[in-house]
Structure formats: structure tokens, C-alpha cells
1. Please report the antiparallel percentage of DSSP beta bridges with both residues in the range 1-116, rounded to the nearest 5.
2. Would you mind putting 102-113, 50-61 in packing order, based on average other-beta-carbon counts within 10 Å, highest first?
3. If packing is taken as the average number of other Cβ atoms within 10 Å across a peptide's residues, how do 88-95, 179-186 rank, most packed first?
4. Output the peptides 13-25, 145-157, 118-130 sorted from most to least packed, where packing is the average of other Cβ atoms within 10 Å over each peptide's residues.
5. Average projected area of the Cα convex hull of the range 1-62, in nm²?
6. What is the mean projected area of the alpha carbon convex hull for the range 35-142, to one decimal in square nanometres?
7. What relative contact order, as a whole-number percentage, does the chain give when Cα pairs under 8 Å and 6 or more residues apart are counted?
8. Using the Kirkwood radius over Cα pairs, work out the Stokes-Einstein diffusion coefficient for the chain at 37 °C and 0.692 mPa s, in µm²/s as a whole number.
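Every number in this text was worked out from the coordinates using simple rules, so none of it is lab data. Quick caveat: nothing in here was measured; it's all calculated off a predicted structure. Cβ coordinates were reconstructed from backbone atoms using ideal geometry, including for glycine residues, and neighbour counts include every protein chain displayed.
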Amino acid sequence: MDTEGKILRALEALGPLAGRDVAVIDVAGTGWVARLREAGADPLVVPADPPLRLPVPDRSLDTVVGLWTGFRGVDAADLAEADRALRPGGRLLVVHDYGRDDVSALRDPEAPEYRAWSRRDGPFLRDGGFKIRVVHCFWTFATLEEAVDTLGLFGERGAAVAERLRRPRLTWNVAVYHRWRGGVVPEGNPGAG
């Protein structure tokens, strides 16, 4: 529900993606691949089935993007596979919910994306060589009534969020964990923040 395009802009700024050799780890039917194509990327779509296998030669990709289902934590074999496929100076971008928002209250509050992953001592920031960019987004509805009706689909958690809703939108924070190939910033490039 990134109607503002903030997530796509963050991916482009960190990647970039348009006109580059990009692989996207995605679950079919999410709509994100189509959105990436609209933004000028022509990604190779790779299923999110473990173990990660990118069907490309060594050093042939500029960017690998994992969208929510890919990189469910930091797995050394998955990082090695991404690094194998990335060119020198290539980027690995991993998108997950960050939490500390309205949308996270609709899901399991103990989910790792809301707890361990985003901590300084969590696996992405401590062991994976990643930096993080948090993108502040919204789920926006036409009316408060439409928002409340939609939240009804989430059962008791949705009802609890609906009770405190004062405008027709939910806050949604998204983390883009990003790292250079091998976790090493290329010489002469201070990196994107």
C-alpha cells in the first residue's frame, strides 16, 4: 500500500534500479514486481524458496532486492549467494516491516522484524554488514469508515487499532536494510545512508 511511492524511491536511491541488472526475490502476486517495472527496472524475478539460488553468472547483477519474504534474517549462505551474483559495487537491499507503527499492531508483536532485526545488536545491523533506512509510509483510506471496515478484517487486533484511529490512515514504517557486495563500501564511494 505504498501509494506515495516512498518505498520505490528509497530502493532507487539505494540501488539504483532503473536501467540496471536487478534480481528481485518476491512471492508471486504481490504486485511489487509490476511497480518496479513501472519505475524503470526490468527485474529477474526469483522465488523466495530457501536456499536462495540466483540463476545468473557470477558478478552479473547490479542490485538484488528481497521484498519481505526474502532474507528472513541473516543467513550466511544467502549472503554468499547474493555476493556471488553481484558485481563489485553492487547492492543488496532487503525490505521488511520495521514496526513501531499502527500496521505492526495488526500482526504478531513478537515477530522478529518488529523486535530483534531492527536493533543495533540484531542480526542485520550487527552481523550482516547492513545499514538501515526507515521509510515512513501510510496506509491511507478515503474515509475513516473505510479504514475501520478494513481493520475489521484483522479481528481483535484490527478492532483495537480502529478504536484509537482518528483519521483515515495508519502509520507504516518500512525498513530497507542495505549493504554493498561483501559488506564492503567500494573505494571512493561513501555509501548511501
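1. Details: 0 of 14 bridges.
If we restrict to bridges inside the range 1-116, about 0 percent are antiparallel.
2. So the peptides 102-113, 50-61, ranked by packing, come out 102-113, 50-61.
3. Details: 88-95: 22.2, 179-186: 17.4.
Ranked by mean Cβ neighbours within 10 Å, highest first: 88-95, 179-186.
4. The densest-packed peptide leads the list: 13-25, 118-130, 145-157.
5. Values: hull surface 18.2 nm².
For the range 1-62, averaging the hull's shadow over all directions gives 4.6 nm².
6. Dividing the Cα hull surface by four gives the mean projection, 8.3 nm².
7. 23 percent.
8. 188 µm²/s
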